[in-house]
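The values are calculated or read from the model by the stated rules, or taken from the named source; none is laboratory data. In this text the structure is predicted, and so the values were computed from the model without any measurement. Cβ coordinates were reconstructed from backbone atoms using ideal geometry, including for glycine residues, and neighbour counts include every protein chain displayed. Ligands, DNA and RNA are stripped out before the accessible areas are found, and what is left, the full protein with its side chains, is counted by its heavy atoms. Shrake-Rupley method; radii C 1.70, N 1.55, O 1.52, S 1.80 Å.
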Amino acid sequence: MRAAAWISSIVLGIVLVVGGVVTWSVVASTLSAQRITVSADADCFAGADVDNPFAAYCQAKVIDKHTLGITGGKTYAELDQDDPLRQTAMTSAFLQSSLFTSVLAFGMSAVAVAMGLIFVLLGLGMRDVSRRAEPVPVP
């Protein structure tokens, strides 16, 4: 039973690490394929390719800044239904949501890698403890 516990922990940890790394890689390559560059007037990562969570966040923030400039500081919900700027605000909200979703995906993949490493370390610790434990005599 002890062996099953530590082996399961290590296997689960490896699966989480591999899954997290693959997810990070897929999100990064998908964003990179879009050839998005952070606007020059961004507060951070100006001119950088959007292929990581920080650049994606910065680009989402600069899209918001540009949209509020165009709409006079109003969001999609604040614009009248017949306002022609409403379409611009809606497209902006969609783009920001997409970028923030990629930031979330990067974050969750990092959490998966961290949890995987923790499971591997716990499994290795359980293995060491089970190997050092004295056998209990059976009455």
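Quick look at the values:
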{"read-out": "Relative contact order of the chain, pairs being alpha-carbon contacts under 8 Å that are 6 or more residues apart, as %", "value": "41"}
{"read-out": "Shape category assigned to region 1-79 from the gyration tensor of Cα positions, a/c cut at 1.5", "value": "prolate"}
{"read-out": "Net dipole in debye of region 2-139 [+1 Lys, Arg Cβ; -1 Asp, Glu Cβ; about Cα centre; nearest 20]", "value": "740"}
{"read-out": "Accessible surface, 1.4 Å probe, highest first, among residues C44, C58", "value": "C44, C58"}
{"read-out": "Highest-fluctuation residue, V17, V111, V103 considered, GNM on the chain with Cα pairs under 10 Å", "value": "V111"}
{"read-out": "Kirkwood-based Rg to Rh ratio, the chain, C-alpha trace", "value": "1.30"}
{"read-out": "Distance histogram for region 54-103 (every C-alpha pair counted, 5 angstrom bins, percent rounded to whole numbers)", "value": "4, 25, 30, 20, 13, 6, 2, 0"}
{"read-out": "Tilt relative to the chain, helix 85-132 - C-alpha long axis, 0 to 90 degrees, to 10", "value": "10"}
{"read-out": "Cβ-derived FRET efficiency at R0 30 Å, D49 paired with L12, nearest 0.05", "value": "0.30"}
